[in-house]
Amino acid sequence: MVDLDVRYYPYVDRKGAIAGVVVHARDTTKALRSANALRMNEERLNAMVELYRKTPELSESEILTFTDADANILAVNRAFSRLPGIARVK
């Protein structure tokens, strides 16, 4: 599926009469998909932050990670950072 931004403008001749229509179409598929992916990641991150706020004991005792759909780690809690062999990154 392709998303298009389509705009129509009147084509005016030298006498000022409308002689036709100019159609301008732009492919917005990539931009919309990127915006949707960003929105989904923000929703997931907000859900994780809410989980921390509602259950503060999790941030100290339970190991939590937050990943994207490709299993890339987006965020971790302090307990994860204390695992042996894990370097702390700010």
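Values in this text are rule-based calculations from the coordinates and carry no lab data. Computed from a predicted structure; not experimentally measured. Note that each Cβ is placed from the backbone with ideal geometry, even for glycine, and that neighbours are counted across all protein chains shown.
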So the FRET efficiency between ALA17 and ASN41, C-beta based with R0 = 41 Å and rounded to 0.05, is 0.20
Between MET1 and ALA71, the two model label points (7 Å from Cα along the beta-carbon direction) sit apart by a distance in nm of 2.9
Only helices counted: for the chain, with every DSSP H run of 4 or more residues adding -39500 (n - 2.57) and the sum spread over all residues, [θ] at 222 nm is -11500 deg cm²/dmol
In nm, the gap between the two label points placed 7 Å beyond Cα toward Cβ at ALA31 and ARG78 is 4.4
Taking Cα atoms only, helix 29-54 is inclined relative to the longest principal axis of the chain by an angle, in degrees rounded to 10, of 30
Taking the dipole of region 26-78 about the Cα centre (Lys, Arg +1; Asp, Glu -1; charges at Cβ), the one of ILE73, LEU51, MET40 that reaches farthest to the positive side is MET40
About its Cα centre, the chain carries a charge dipole, from +1 on Lys and Arg Cβ atoms and -1 on Asp and Glu Cβ atoms, whose size in debye to the nearest 20 is 360
Taking 32-41, 74-83, 7-16 and ranking on average Cβ neighbours within 10 Å, highest first, one gets 74-83, 32-41, 7-16
The convex hull of the Cα atoms of the chain, divided by residue count, gives a volume in Å³ per residue of 166
